[in-house]
Amino acid sequence: MGSLSLLLISCGERGPVGPEGPQGPAGPNILPVSFEFNADLLRSNGFEFFQDIPPQIDIIETDVMLAYVFEEYIPEDDLEVWRKMPVIDFNNRGTRLLDFDFTFLDMRIFLDANYSLGSLDEFEGLLIRAVHIPADYLSNLKMKEVKGAKTIRELETIIGSEIENIILK
């Protein structure tokens, strides 16, 4: 039984490059994004507030969501101070925790304490900044650093990118 081999060799110079093809569809946005909202934690709502995840953000099981609460504005330096949640408060009644959790659909901001929460524990208009970090964006090695970032600026340094802000309407 014989075999036939065909060998093609290109000779000569390469021809001109053709025109660029049409632009393909935009891929998914895999950069970290943030959104802000106000939360009321009152006795009447059981000290919990639910905020829908903006439709521009697709959350998958391995994504990370971080939350920060606005603490103060320093006008002389034009600086906003944000505190990473959870925030633990030790007071004369016990320990109070401001925390969050999230699903594919929403984020829950809530208060918990080792004592019965009352009217002294209520918050109105807490400004919350939520940051969505897609799992595909970072390696697993950096994920621990990301979760440990104490400020938004520190988070941006770790991920090497500015966080885009989505405006809720």
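Within region 38-65, take every residue that is assigned to a strand (DSSP E or B) and of a type in the set (D, E, K, R) and give me the one that is nearest to ASP106 (Cα to Cα).
Taking region 38-65 as the starting set, the residues that turn out to be assigned to a strand (DSSP E or B) are 38-41, 48-52, 64-65.
Still in the running and of a type in the set (D, E, K, R): 40, 48, 52.
On the way: ASP40: 16, GLU48: 12, ASP52: 4 Å.
Once the filter is applied, the top-ranked residue is ASP52.
Kindly indicate whether LEU120 is among the aliphatic types (A, V, I, L, M) and in contact (Cβ under 8 Å) with a residue 40 or more places away in the chain. Step through it out loud before you land on a result.
Values: among the aliphatic types (A, V, I, L, M): yes; in contact (Cβ under 8 Å) with a residue 40 or more places away in the chain: no.
No; evaluated as a whole, the condition is false for this residue.
Looking at (1) within 22 Å of PHE37 (Cα to Cα); (2) surrounded by 15 or more Cβ atoms within 10 Å (Cβ to Cβ), which is the only condition GLU72 fails?
Of everything listed in (1) within 22 Å of PHE37 (Cα to Cα); (2) surrounded by 15 or more Cβ atoms within 10 Å (Cβ to Cβ), GLU72 misses just condition (2).
If we keep just the residues of region 40-57 that are touching a strand residue (DSSP E or B) at 6+ places or on another chain (Cβ under 9 Å) and farther than 20 Å from ASP99 by Cβ, which is surrounded by the most Cβ atoms within 10 Å (Cβ to Cβ)? Reasoning before the result, please.
Of all residues in region 40-57, those touching a strand residue (DSSP E or B) at 6+ places or on another chain (Cβ under 9 Å) come to 40-42, 46-54, 56-57.
Subsequent filtering for residues that are farther than 20 Å from ASP99 by Cβ retains 54, 56-57.
Values: PRO54: 15, GLN56: 11, ILE57: 17.
Going through the qualifying residues, I end up with ILE57.
Name the residue, out of GLU154, GLU145, GLU162, that is of a type in the set (Asp, Glu), exposed (fewer than 15 other Cβ atoms within 10 Å of the Cβ) and in contact (Cβ under 8 Å) with a residue 12 or more places away in the chain. If you could, list the steps in order and put the result at the bottom.
Working: GLU154 fails: in contact (Cβ under 8 Å) with a residue 12 or more places away in the chain; GLU162 fails: in contact (Cβ under 8 Å) with a residue 12 or more places away in the chain.
None of the others qualify; the one that does is GLU145.
Quickly run through region 107-142 and pick out the residues that are of a type outside the set (A, V, I, L, M, F, W, C), surrounded by 13 or more Cβ atoms within 10 Å (Cβ to Cβ) and either touching a Gly at 6+ places or on another chain (Cβ under 9 Å) or modelled with pLDDT of 80 or more (or both). Quick ask: steps written out before the conclusion?
To start, the set of residues in region 107-142 that are of a type outside the set (A, V, I, L, M, F, W, C) comprises 108, 112, 114-116, 118-119, 121-122, 124-125, 129, 132, 134, 136-137, 139-140, 142.
With surrounded by 13 or more Cβ atoms within 10 Å (Cβ to Cβ) added as a condition, the list becomes 108, 112, 121-122, 129, 132, 134, 137, 142.
The answer is ARG108, ASP112, ASP121, GLU122, ARG129, HIS132, PRO134.
Identify all residues within region 27-39 that are in contact with a helix residue (DSSP H, G or I) (Cβ under 9 Å, 6 or more places away or on another chain) and surrounded by 18 or more Cβ atoms within 10 Å (Cβ to Cβ); write none if there are none. Steps first, answer last, please.
So the first thing to find is which residues in region 27-39 are in contact with a helix residue (DSSP H, G or I) (Cβ under 9 Å, 6 or more places away or on another chain), and the list is 28, 30-32, 34.
The answer is PRO32, SER34.
The values are calculated or read from the model by the stated rules, or taken from the named source; none is laboratory data. Predicted model, so just to flag it, every value in this text is computed and none were measured. Backbone-built Cβ (ideal geometry, glycine too); neighbour counts: all protein chains shown.
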